[in-house]
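S.K.: Take a look at this one; I'll ask things after.
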Amino acid sequence: MALPIAILGAGLAGTSAARALIARGHAVTIFDKGRGPGGRLATRRIEAAGRKLQFDHGAQYLRAESADFAAALAEAGTAPWPDAARRVGVPSMSSVPRALLGEIPCIGARHVGQITGHPGAWVLRHWEAKLVRPGKPLPDSAPEEAGPFTAVLLTMPATQARDVLGQNAPVMHEALAAIRYAPCWTVMASFDARLPLPETLRPEAHAIGWAARDSAKPGRDVQQENWVIQSAPAWTRAHLELPAEDIAQPLLAALASFSAAPLPAPFMAVAHRWRYSLLEAPLGEPCLWDGTARIGYASDGCIGGRAEAAWQSGAALAARVLA
């Protein structure tokens with residue numbers, strides 16, 4: 001019998017779990033606060049100076065060590081960059097989760113803030129995502145409701161999952177406190193001229209943790225000069241609560257330190273803050289599943305800070321549900 005199951009989060013963990021459950025005949029609905037699927041496999045599209053620009057401002061590339069994840073990346077049409085061991089989505093990183101989700105129902109731009117009801121008949125209360133602010137109370141406006149669902153699987157960062165769980169699964173709520181992420185500021189900048197820099201930079205003990213000529217990736221517009229600059233964890237923590245408009249200039253100055261000649265000013269530069277970016281402390285087990293409450297958790301935070309770990313965690317959770 002097909003059972004209705006809700007998955008919160010349309011990243012790789014949620015996608016992996018959804019595919020496994022649907023393959024066994026269950027009815028899955030995914031909810032995500034983003035406008036589209038992907039989580040940190042994200043692409044920002046911006047129009048500036050009459051040009052349509054795009055930036056992979058989340059995960060920069062993917063590695064596959066297992067046959068199943070390698071097959072998924074091949075199915076999604078990824079291409080090698082900047083070397084044979086790393087792969088990127090074409091024409092964007094966000095194309096990877098879209099390809100892997102296919103026709104699986106995904107309700108975007110919705111923030112699920114509460115799980116109500118009871119085991120086997122859970123109801124999700126959700127709000128328009130743009131109305132919800134991190135660390136702030138849920139909106140006063142009446143939420144929409146979805147359900148009932150026989151099970152609910154959470155695949156977002158652990159801190160967010162704990163907020164949604166409440167006391168519906170207290171042991172899981174406590175366990176998730178062990179997972180810790182480092183934040184990251186990302187600057188997206190576009191220039192009129194090619195910068196005299198290598199395609200990628202990964203300096204040690206620097207304000208910048210990673211920088212790349214994003215427009216050099218396969219399937220992008222090579223006539224553009226688009227850069228993604230991601231700050232290192234220590235620098236991010238020192239500047240975490242600054243307004244976004246105060247972030248681009250110091251990170252662009254840090255990028256300029258790698259050039260022998262002065263860099264031109266970008267005609268467009270914006271910053272995005274990822275509060276949960278690089279995994280620092282994993283849970284140490286593939287997933288969490290409370291069979292009595294019929295609530296589970298999966299993410300890269302369970303196993304390790306790689307995209308493949310999120311995929312494997314989602315598959316492990318689906319196996320627990322099916323068992």
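The values are calculated or read from the model by the stated rules, or taken from the named source; none is laboratory data. It should be emphasised that the depicted structure is a prediction, and the values quoted were computed from it without experimental measurement. FYI the Cβ positions are ideal-geometry reconstructions off the backbone, even for glycines, and counts take in every protein chain you see. The accessibility values were calculated without ligands, DNA or RNA, using every heavy atom of the protein model including side chains. Shrake-Rupley method; radii C 1.70, N 1.55, O 1.52, S 1.80 Å.
Residues are listed down the side, and each one gets a yes or a no for (1) of a type outside the set (S, T, N, Q); (2) in contact with a Cys (Cβ under 6 Å, 6 or more places away or on another chain); (3) outside any loop (DSSP other than H, G, I, E, B); (4) free of Cβ contacts under 8 Å to residues at least 24 places away in the same chain:
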position: ALA10; (1), (2), (3), (4): yes, yes, no, no
position: ILE22; (1), (2), (3), (4): yes, no, yes, no
position: ARG45; (1), (2), (3), (4): yes, no, yes, yes
position: LEU53; (1), (2), (3), (4): yes, no, yes, no
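S.K.: Search region 244-255 for residues that are within 14 Å of CYS184 (Cα to Cα) and pair each with any residue that is open to solvent by less than 10 Å² (accessible area, probe 1.4 Å) and hydrophobic (A, V, I, L, M, F, W, C) when their beta-carbon atoms are under 6 Å apart and the residues are at least 6 apart or on different chains.
M.R.: Correct list of pairs: ILE247/TRP185; ALA248/VAL187; LEU251/VAL187; LEU251/ILE229.
S.K.: Scan region 157-167 and tell me whether some residue there is more than 23 Å from GLY301 (Cβ to Cβ) and surrounded by 12 or more Cβ atoms within 10 Å (Cβ to Cβ).
M.R.: Checked region 157-167: no residue is more than 23 Å from GLY301 (Cβ to Cβ) and surrounded by 12 or more Cβ atoms within 10 Å (Cβ to Cβ).
S.K.: Taking the stated definitions as given, is GLY38 buried (at least 24 other Cβ atoms within 10 Å of the Cβ) and at pLDDT 95 or above?
M.R.: So GLY38 fails the test.
S.K.: Would you say ALA293 is outside any loop (DSSP other than H, G, I, E, B) and either closer than 30 Å to ASN168 by Cα or free of Cβ contacts under 8 Å to residues at least 40 places away in the same chain (or both)?
M.R.: The answer is no for ALA293.
S.K.: Quick test of your reading of the structure: ILE179 fulfils all but one of (1) open to solvent by 20 Å² or more (accessible area, probe 1.4 Å); (2) touching a helix residue (DSSP H, G or I) at 6+ places or on another chain (Cβ under 8 Å); (3) of a type in the set (Val, Ile, Thr). Name the failing condition by number.
M.R.: All conditions are met except number (1).
S.K.: Taking ALA281, is it surrounded by 12 or more Cβ atoms within 10 Å (Cβ to Cβ), within 28 Å of ARG194 (Cβ to Cβ), within 25 Å of the chain's Cα centre (by Cα) and not hydroxyl-bearing (Ser, Thr, Tyr)?
M.R.: No: the conditions fail for ALA281.
S.K.: Still on this structure: Please tell me if ALA142 is at pLDDT below 95 and either open to solvent by 60 Å² or more (accessible area, probe 1.4 Å) or touching a helix residue (DSSP H, G or I) at 6+ places or on another chain (Cβ under 6 Å) (or both).
M.R.: Considered against the rule, which asks whether it is at pLDDT below 95 and either open to solvent by 60 Å² or more (accessible area, probe 1.4 Å) or touching a helix residue (DSSP H, G or I) at 6+ places or on another chain (Cβ under 6 Å) (or both), ALA142 comes out as yes.
S.K.: Which number in (1) buried (at least 19 other Cβ atoms within 10 Å of the Cβ); (2) assigned to a loop (DSSP other than H, G, I, E, B); (3) free of Cβ contacts under 8 Å to residues at least 24 places away in the same chain marks the one condition that ALA64 misses?
M.R.: For ALA64, the failing item is (3).
S.K.: Tell me whether region 137-155 contains one or more residues that are touching a residue at least 12 places away in the same chain (Cβ under 8 Å), part of a helix (DSSP H, G or I) and under 30 Å from TYR61 (Cα atoms).
M.R.: Looking through region 137-155, none of the residues is touching a residue at least 12 places away in the same chain (Cβ under 8 Å), part of a helix (DSSP H, G or I) and under 30 Å from TYR61 (Cα atoms).
S.K.: Return the residues of region 112-134 that are in a loop (DSSP other than H, G, I, E, B) and touching a residue at least 60 places away in the same chain (Cβ under 8 Å); say none if nothing qualifies.
M.R.: PRO119, GLY120, VAL132, PRO134, listed by residue number.
S.K.: Can you find, within region 222-248, the residue that is farthest from GLU280 (Cα to Cα) among those that are in a loop (DSSP other than H, G, I, E, B), touching a strand residue (DSSP E or B) at 6+ places or on another chain (Cβ under 8 Å) and open to solvent by 10 Å² or more (accessible area, probe 1.4 Å)?
M.R.: For region 222-248, the residue satisfying everything is GLN224.
S.K.: Right, here's the next one. Could you list, ordered by first residue, the pairs with Cβ atoms under 6 Å in which the first is in region 261-278 and within 14 Å of LEU195 (Cβ to Cβ) and the second is of a type in the set (Phe, Trp, Tyr), at least 6 apart or interchain?
M.R.: These pairs meet every condition: PRO264/PHE191; PRO266/PHE191.
S.K.: Could you tell me whether ALA70 is more than 29 Å from ARG273 (Cβ to Cβ), open to solvent by 60 Å² or more (accessible area, probe 1.4 Å), hydrophobic (A, V, I, L, M, F, W, C) and not in a strand (DSSP E or B)?
M.R.: Against the criterion (more than 29 Å from ARG273 (Cβ to Cβ), open to solvent by 60 Å² or more (accessible area, probe 1.4 Å), hydrophobic (A, V, I, L, M, F, W, C) and not in a strand (DSSP E or B)), ALA70 does not qualify.
S.K.: From the list THR155, THR150, exactly one residue is over 16 Å from the mean Cα position of the chain (by Cα) and among the polar types (S, T, N, Q). Which is it?
M.R.: THR150
S.K.: Hey, another quick one. Got a sec? Which of THR29, THR15, THR43, THR78 is at negative phi, among the hydroxyl-bearing types (Ser, Thr, Tyr) and open to solvent by 30 Å² or more (accessible area, probe 1.4 Å)?
M.R.: Exactly one residue qualifies, and that residue is THR29.
S.K.: So if I check each of VAL112, VAL171, VAL187, which one is open to solvent by 20 Å² or more (accessible area, probe 1.4 Å) and either among the hydrophobic types (A, V, I, L, M, F, W, C) or within 20 Å of ARG294 (Cα to Cα) (or both)?
M.R.: Just a single option satisfies the conditions, and that option is VAL171.
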